[in-house]
Amino acid sequence: MPTIVKKNNSKNLLKFIKEKLTKKELVVLPTETVYGLAGIGTSIISARKIYKLKKRPLNKKLIFHCSNLEMVKKYFHLNNENLILAEQFWPGPLTLILKRKSKKIPFQLTQKENCAVRVPKNIFSQNIINILGKPIVMPSANRFKKLSPINANMVFDQFRETNLLIVDDGKCNIGLESTLIKITNKKLEIIRPGKINIKNILKFLPYIEIFQGKNKKSFSGTSKKHYSPKKKIFLNQRGFKKNSAFINFGKDKRGQFKNLSKISNLNEAAKNLYHFIFLADKNKNYKTISMAPIPEYDLGIAINDRLKKASK
């Protein structure tokens with residue numbers, strides 16, 4: 001059974017987690033996006049444990065998390081447009097595809113030398129990576145294609161049979177996985193939408209060309225079916241379906257199960273999305289889940305991306 005430990009910055013806890021990671025064990029750490037299943041990033045053994053525990057295909061590359069820009073530059077090539085975005089949005093919910101620089105990063109964890117990299121905006125996880133002195137690999141702490149966890153209890157529910165250590169830092173501030181982009185020859189591809197959108201990026205790279213790539217299957221969040229509960233999800237529902245938990249957005253409706261945001265705030269909706277789907281999935285009074293329409297702009301683009309994949 002997993003152990004949940006409340007986040008604290010005691011030297012004992014930090015040292016304990018460092019030792020576990022150094023021994024190539026896995027721990028669950030909080031970030032501002034979702035909770036992550038962490039292993040030391042220079043160890044293929046740790047990575048294999050992550051793949052096995054998540055039941056994740058080996059072709060789906062893991063995201064490397066660093067504590068700061070200096071660590072990123074030590075292990076990966078960070079320059080040009082990528083450096084501009086890194087300086088603006090890190091630490092934060094942006095993942096960049098960067099070339100491996102250090103041979104300490106196992107080649108097997110790259111896609112033709114390319115790696116997904118970010119700096120999380122969570123002080124505790126930053127401290128862990130910092131005292132470790134090297135990157136960690138940390139995909140979301142869920143089974144492959146299953147619902148991403150935004151609190152410690154959601155992690156516990158998916159890994160009941162393990163002895164994982166889960167660091168509880170409350171509810172994630174954003175609640176959706178990071179924006180994942182790749183820049184090649186001043187062309188930018190959004191592989192996975194997130195809180196940081198095209199408009200945010202164009203403020204700093206107004207000349208960049210946006211294109212839609214065809215081969216995106218090697219990185220996180222690119223499966224057609226993903227983020228899925230056990231129950232069937234119906235999208236863009238304005239009314240109620242029998243025996244279906246209705247998750248609303250906007251003005252309250254009589255009989256709703258939950259409301260993502262009564263004031264139609266997309267940030268609030270994103271923060272509540274996975275948790276409310278989780279609660280509906282666990283509720284025995286309902287056989288299915290119904291989602292109200294979410295507007296297709298700003299963070300709504302990322303929310304709808306997750307819902308479309310969850311409903312497959």
- request: Filter region 227-260 down to residues that are buried (at least 20 other Cβ atoms within 10 Å of the Cβ) and in a loop (DSSP other than H, G, I, E, B) and give me whichever is farthest from the chain's Cα centre (by Cα).
  value: 249
message: Could you go through region 66-80 and let me know if any residue there is surrounded by fewer than 20 Cβ atoms within 10 Å (Cβ to Cβ) and touching a strand residue (DSSP E or B) at 6+ places or on another chain (Cβ under 7 Å).
response: yes
Any pair with Cβ under 8 angstrom, 6 or more apart, that starts in region 30-41 at a residue that is assigned by TED's automatic domain parsing to the domain that holds residue 173 and ends at one that is of a type in the set (Phe, Trp, Tyr) and crowded, with 24+ Cβ neighbours inside 10 Å: 34/274; 41/64
- line: Within region 261-312, the count of residues that are among the charged types (D, E, K, R) and not in a loop (DSSP other than H, G, I, E, B) comes to 8
field: Tally of residues being among the β-branched types (Val, Ile, Thr) and outside any helix (DSSP H, G or I) across region 64-104
entry: 2
- request: State which residue is nearest to residue 277 (Cα to Cα) when the search covers only region 105-132 and only residues that are in contact with a helix residue (DSSP H, G or I) (Cβ under 8 Å, 6 or more places away or on another chain) and part of a loop (DSSP other than H, G, I, E, B).
  value: 120
Qualifying residues in region 277-312 (those that are touching a helix residue (DSSP H, G or I) at 6+ places or on another chain (Cβ under 8 Å) and small (Gly, Ala, Ser)) - the one nearest to residue 157 (Cα to Cα): 310
message: For region 137-152, give me each residue that is closer than 20 Å to residue 14 by Cα and either more than 14 Å from the chain's Cα centre (by Cα) or among the small types (Gly, Ala, Ser) (or both).
response: 141, 152
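Please go through region 133-147 and pick out each residue that is farther than 15 Å from residue 69 by Cα and part of a loop (DSSP other than H, G, I, E, B).
Listed by number, the residues that qualify are 138, 139, 141, 142, 143, 144, 145, 147.
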task: Within region 110-131, work out how many residues are surrounded by fewer than 21 Cβ atoms within 10 Å (Cβ to Cβ), more than 15 Å from residue 28 (Cα to Cα) and of a type outside the set (D, E, K, R).
output: 5
- request: Please verify whether region 266-275 includes one or more residues that are in contact with a strand residue (DSSP E or B) (Cβ under 9 Å, 6 or more places away or on another chain), basic (Lys, Arg) and not assigned by TED's automatic domain parsing to the domain that holds residue 177.
  value: no
- request: Could you tell me whether region 170-182 includes any residue that is modelled with pLDDT of 95 or more, in a strand (DSSP E or B) and aliphatic (A, V, I, L, M)?
  value: yes
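The values are calculated or read from the model by the stated rules, or taken from the named source; none is laboratory data. Only a predicted model underlies this, so the values are computations on that prediction, with no experimental measurement involved. Glycine gets a Cβ as well: all are built from the backbone with ideal geometry, and neighbour counts include every protein chain shown.
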